[in-house]
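The structure appears below as structure tokens.
The values are calculated or read from the model by the stated rules, or taken from the named source; none is laboratory data. Keep in mind it's a predicted model, so treat the numbers as computed, not measured. Cβ placement follows ideal geometry from the backbone for every residue including glycine, while neighbour counts extend to all protein chains displayed. When the accessible area is computed, the model is the full protein with side chains, heavy atoms only, and any ligands, DNA or RNA have been set aside. Shrake-Rupley method; radii C 1.70, N 1.55, O 1.52, S 1.80 Å.
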There are 2 protein chains.
Amino acid sequence: MKQLEIFKALSNKTRLEILQWLKDPEASFPAQIHAGFEVGVCVGEIQKKAGLTQSTVSEYLSILQRAGLVESTRVGQWTYYKRNEAAFEELGKIIQSDI
Amino acid sequence: MKQLEIFKALSNKTRLEILQWLKDPEASFPAQIHAGFEVGVCVGEIQKKAGLTQSTVSEYLSILQRAGLVESTRVGQWTYYKRNEAAFEELGKIIQSDI
DNA sequence: TTGGTATATCGGAAAAAGTCGATATACCTT
DNA sequence: AAGGTATATCGACTTTTTCCGATATACCAA
């Protein structure tokens, strides 16, 4: 668990918002046709909601993924992203004991 | 608790190291003459250990303080910095529930 | 295979953070 | 009051991050 990389990933307003949205996809995004929310939310929907360009949002999701905070699944032409809850659990503990 | 400001404060290698050193001042710094470690560690000692200039370290400590992660006490011509453990406790919880 | 849609990657301009040396401020000592 | 020491602030330069448009890649459908 690369602390510095994680904190950098969390040091951006939009990326924090994306993580919030992914906590409750049903409440945050319109229903998905090609996959349920268990597999995640597709990049396009996240992009619309963020109001930034596709390239920026794709890059942000990569940053969150490299930090281990989200994971992705490719289904057909879509990539679905969802939170990695275990990472947040672990990070919380680390902050309370190691940082 | 301004999450974004906290994560930015934690997004720097040296600042993370300073926080580590302040966890156990006895082990990390030479004995202090004008005040015990309960009040904190003075800027000069932190600066020596960090190997950066005085101005940089002073700025870093301000950043940590504005984020609420450390607190300072002025005693004579020295300013002593120590960790605010409550902030780390709270941050850990927030990460496990709100982020 | 051609075209359409979704996502990723590349290259760059602008903004922010890192870091320094110089200077200012605060306090102590004489 | 004057000089010395500790810390904070300022101005400048460099590096990193933000965010974009353009292009590439991957997959699907006809």
log10 I(q)/I(0) for the range B:3-93, Debye formula on C-alpha points only (no solvent), q = 0.16 Å⁻¹, two decimals, reads -0.59
In whole Hz, the Karplus estimates of ³J(HN,Hα) for the range B:67-79 (6.51, -1.76, 1.60; θ = phi - 60°; x where Gly or Pro) are 6, x, 8, 9, 10, 10, 9, 8, 9, x, 8, 9, 10
Output field shielding_mean for B:87-99 (other chain Cβ, 10 Å radius) holds 5
Calc'd 3J(HN,Hα), the range B:36-52, phi into Karplus 6.51 cos²θ - 1.76 cosθ + 1.60 (θ = phi - 60°), Hz, glycine/Pro = x, comes to x, 5, 4, 7, x, 10, 6, 4, x, 5, 5, 4, 4, 5, 6, x, 10
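Can you tell me how much longer the chain between A:E85 and A:L52 gets when fully stretched, taken as 0.36 nm per residue apart minus their C-alpha distance, in nm with one decimal? Before the final figure, lay out each step's value.
Numbers: separation 33, 0.36 × 33 = 11.88 nm, distance 2.52 nm.
Length difference between fully extended and current span is 9.4 nm.
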Under 5 Å from the placed amide H of A:C42, counting only residues 5+ away or on other chains, we find A:Y81
For the protein assembly as shown, the percent of accessible surface on carbon and sulfur atoms (probe 1.4 angstrom, ligands and nucleic acids excluded) is 49
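Based on the inverse mean of 1/r over its pairs of different Cα atoms, what is the Kirkwood hydrodynamic radius of the protein assembly as shown, in Å? Don't skip to the answer; put the middle values down first.
Numbers: mean 1/r = 0.0540 Å⁻¹.
Every distinct Cα pair counted, the radius reaches 18.5 Å.
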Comparing each residue of the range A:4-38 in the complete protein assembly with the chain by itself (heavy atoms, probe 1.4 Å, ligands and nucleic acids ignored), those losing at least 30 Å² of accessible area are A:L4, A:F7, A:L10, A:S11, A:L16, A:Q20, A:K23
